[in-house]
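Derivation of every value follows stated rules applied to the coordinates shown; laboratory data play no part. No experiment lies behind these values; they were computed from the predicted model shown. Cβ sites come from the backbone with ideal geometry, for glycine too, and all protein chains shown count toward neighbours.
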Amino acid sequence: MSASLPPHDVADLGLAGLGQARAEWAAEQMPVMATVRRRFSAERPLTGWRIGASLHVTAETAVLLGTLSAGGAELFVCASNPLSTNDEVAAFLVAEEAIATFARRGEDPERYRRHVEAVLDAHPRLTVDDGCDLVARLHLARPSQAVEVVAGTEDTSTGAVRLRALAASGGLHYPVLSLSASQTRSLADNRHGTGQSVLDGIIRTTNALLAGATVVVAGYGNCGKGVASRARGLGAVVIVTEVDPRRALEAAMDGFEVSSMAAAAREGDIFVTATGNRDVLTREHFAVMRDGAVLANAGQLDVEIDLGALDELAAGQRRRLRPNLEEYRLGPSGPRLRLLAEGRLVNLAAADGHPPQVMDLSFGLQALSLEWLAETAGGLPPGVHEPPAAIDEELARLKLEAMGVEIDTLTRAQERYLAAFEP
Ligand code: ADE
């Protein structure tokens, strides 16, 4: 343990050794981060930058924070979800990495808010957000402080939607890079990361066999696509629901059954919401579901399943069946519905989130984007921006290199051919 500890609020510093083992395991599977960390240690591009970060406090996040620290940054970190913190990792960050960390798994809303405030009290000049809770709190509760921030990053598409709404109202005071706009990250993170880890969360919690089960996936964005294809791979019959006709068509042409939720509600054994919107599973759906149906949310926020209606319909008839699994009985003759992880994002609340191989790209993008923002500080107007294409390409190149994959390059003649106008 380092001699003087940074400011913190974590569950138990005695868990630091276990957290270190987790972080080392993750780091082994994150070769892009290792490359970036070596360069950051030598060049120290984040020297003098105080970063406030709201992130899921996981082993992979520890690898990112270690890299930013190696690059010279001073870090203040809080959780981006009350249920996703790994207490061992949080202890490791404080005791061994000397990073100011405010995160405890299962923290109540008041402590969650206090932790966000603790990060803002440090007056960061760069923000790193995962769902927009940090930036929203800064702009709503401390608008005069928001102008101190030079720039920020936002990891999720849900966070980007919130940021755009803030920008549209004229209330966003600095530029934020929306990292989910990156092609490389979106492929790895949303499609492969969510696809695998959501099923991991459902299987860990229920031990259900997916072969032969009917899985209803709400939303066919990249997350929904990942979940639907992995569920099919495990032998499930998959029904997709959508509101966007183009995505619904894509799902149908990918060979999935597509229907309204009103119809799918009667068929599903397992429901997964992945829309980024509220009220996807509601009272009228619950009423017609099969007995024993499992409800899981893959979206960033716990608004996709109407938890208030579920509570009301159960009228107190609820019990805990297993960790992260709560049963609601809807009246004496109604179905018993099984809610996973309180309707919070199931892959992080009931499993370990995206695998490190995926976070290698997501957090590689974070690190390179923060370096770029620090270099170009003030160069962008307030608003939501895409990360530069050059960073996206560099990221894919680094990962391919680590995977030992070679690709071709265009010849001069091919470049000229593409650039020329051929009548
Ligand atoms: N978001 C999704 N998976 C994650 C992970 N493993 N660590 C941090 N943030 C995540």
Practice item. State the antiparallel share, in %, of DSSP beta bridges confined to segment 275-423, rounding to the nearest 5. Key: 70
Check your understanding: If you rank 112, 220, 328, 417 by fewest surrounding Cβ atoms within 10 Å, what's the result?
Key -> 417, 112, 328, 220
Check your understanding: Which residue, chosen from 132, 183, 153, occupies the Cα position most advanced towards the positive end of the dipole of the chain, where the dipole is computed from +1 (Lys, Arg) and -1 (Asp, Glu) charges on Cβ about the Cα centre?
Key -> 132
**Study point:** Share, in percent, of DSSP beta bridges within the chain that are antiparallel, nearest 5
**Key:** 15
Review point. If you place +1 on the Cβ of every Lys and Arg and -1 on the Cβ of every Asp and Glu, how big does the dipole about the Cα centre of the chain come out, in debye to the nearest 20?
Key: 540
Review point. What is the Rg over Rh value, at two decimals, for segment 198-312, using alpha-carbon atoms and the Kirkwood definition of Rh?
Key: 0.93
Study note, to complete from the structure: Its Cα gyration tensor gives the chain an equivalent ellipsoid whose semi-axes in whole Å, largest first, are 35, 28, 21
Revision key, fill the gap. Taking N as the number of residues in segment 342-423, the ratio of its alpha carbon radius of gyration to 2.2 N^0.38 Å works out to 1.59
Revision key, fill the gap. Full extension between residue 284 and residue 385 adds, at 0.36 nm per residue less the Cα distance, a length in nm of 32.4 nm
Review point. Taking the Cα-to-Cβ direction at residue 39 and at residue 414 and moving 7 Å from each Cα, how far apart do the two end points lie in nm?
Key: 2.4
Exercise for review: Sum -39500 (n - 2.57) across every DSSP H segment of at least 4 residues in the chain, then divide by the residue count to get the 222 nm mean residue ellipticity, nearest 500.
Suggested key: -13000 deg cm²/dmol
Review point. Once Lys and Arg get +1 and Asp and Glu get -1 on their Cβ, which of 385, 67, 80 lies farthest toward the positive end of the dipole of the chain?
Key: 80
Revision key, fill the gap. For segment 62-182, using Cα atoms only, the Rg and Dmax in Å read 14.1, 42
Review point. Near residue 182, within a Cβ-to-Cβ distance under 13 Å, what is the net charge of the other residues, with Lys and Arg +1 and Asp and Glu -1?
Key: -4
Exercise for review: Enter the mean projected area of the convex hull around the alpha-carbon atoms of segment 244-298, in nm², rounded to one decimal.
Suggested key: 4.0
Check your understanding: Would you list 127, 273 from fewest to most Cβ contacts within 10 Å?
Key -> 127, 273
Point to revise | Cα convex hull of segment 271-423, projected area averaged across orientations, nm² | key: 16.4
Review point. Once fully extended, how much extra length lies between residue 375 and residue 315, figured as 0.36 nm per residue of separation less the alpha-carbon to alpha-carbon distance?
Key: 16.0 nm
Practice item. Under 11 Å from a label point 7 Å along Cα→Cβ of residue 405: give me every residue in segment 161-198 with its amide N that close. Key: 188
